[in-house]
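Here's the structure we're looking at; comments come further down.
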Amino acid sequence: MNYCPNCAGTLTFSVPEGDHLPRHICNNCNTIHYSNPKVITGCVPIYQDKVLLCRRAIEPRKGFWTLPAGFMENNESTLEGAMRETREEANAEVKISHLYTITSIVHVNQVQMLYLAYMDKPEYSISSESLEVELFSEEEIPWDELAFPTIKKALTYYFADRKNNHFPLRENVVNRSMQQPKEAV
């Protein structure tokens with residue numbers, strides 16, 4: 001970031017008075033510009049004993065399978081975003097049960113929030129964001145073709161929790177050095 005989006009003044013990257021982290025500060029209007037994590041919202045859509053997955057048509061990880069999820073938009077809740085992403089990626093309608101996983105993806109400054117959701121009907125189709133959309137039983141999941149470790153972890157949780165019919169909120173932290181997400185303590 002070189003110029004202030006408010007006044008086009010030049011920016012300095014330094015620690016503002018009373019702060020502890022460096023920020024972009026406008027030399028002209030003195031506005032402090034904060035860079036905060038992005039929120040990813042989506043869901044684990046269930047129909048009977050199967051989970052709906054989408055094969056990505058876009059980067060990153062084009063061609064790999066994922067749950068319907070994406071960046072939250074302004075003026076929407078995380079729940080609304082999860083439902084929108086499911087419509088955009090899978091042309092599917094879901095009923096949200098509850099927040100199921102929250103993962104801090106530290107090395108890319110993201111927070112992923114996935115809701116457990118249910119489909120009344122097995123109605124879905126591809127979109128501009130998905131090459132394929134399919135329902136998978138646990139045995140059919142393409143485990144080696146999943147786009148992100150956070151998706152693998154959410155699916156692992158779901159199938160383990162389904163055995164007890166108990167789906168608690170799961171919190172994880174992922175760092176660059178971690179191969180798999182670690183549960184938060």
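The values are calculated or read from the model by the stated rules, or taken from the named source; none is laboratory data. The structure presented is a predicted model; accordingly, all values stated were derived computationally and were not measured. Positions of Cβ are backbone-derived with ideal geometry, glycine not excepted, and every protein chain shown enters the neighbour counts.
Do you know which of the residues in segment 72-92 that are touching a Pro at 6+ places or on another chain (Cβ under 8 Å) and farther than 21 Å from Ser104 by Cβ is surrounded by the fewest Cβ atoms within 10 Å (Cβ to Cβ)?
Taking the candidates together, the pick is Glu88.
If I filter segment 63-71 for residues that are touching a Pro at 6+ places or on another chain (Cβ under 7 Å) and either assigned by TED's automatic domain parsing to the domain that holds Glu139 or small (Gly, Ala, Ser) (or both), do I get at least one hit?
First pass over segment 63-71, keeping only residues touching a Pro at 6+ places or on another chain (Cβ under 7 Å): 65, 68.
Remaining after also requiring either assigned by TED's automatic domain parsing to the domain that holds Glu139 or small (Gly, Ala, Ser) (or both): 65, 68.
Checked against the condition, which is being touching a Pro at 6+ places or on another chain (Cβ under 7 Å) and either assigned by TED's automatic domain parsing to the domain that holds Glu139 or small (Gly, Ala, Ser) (or both), segment 63-71 yields at least one hit.
Residues that are of a type in the set (A, V, I, L, M) and modelled with pLDDT of 95 or more: list the strands (runs of 3 or more DSSP E) wholly contained in segment 1-85 that include at least 3 such residues.
38-47, 50-56
Are any residues in segment 1-57 of a type in the set (S, T, N, Q) and within 30 Å of Glu93 (Cβ to Cβ), and if so, which ones?
Here is the first cut: in segment 1-57, the residues of a type in the set (S, T, N, Q) are 2, 6, 10, 12, 14, 27-28, 30-31, 35-36, 41, 48.
The answer is Thr41, Gln48.
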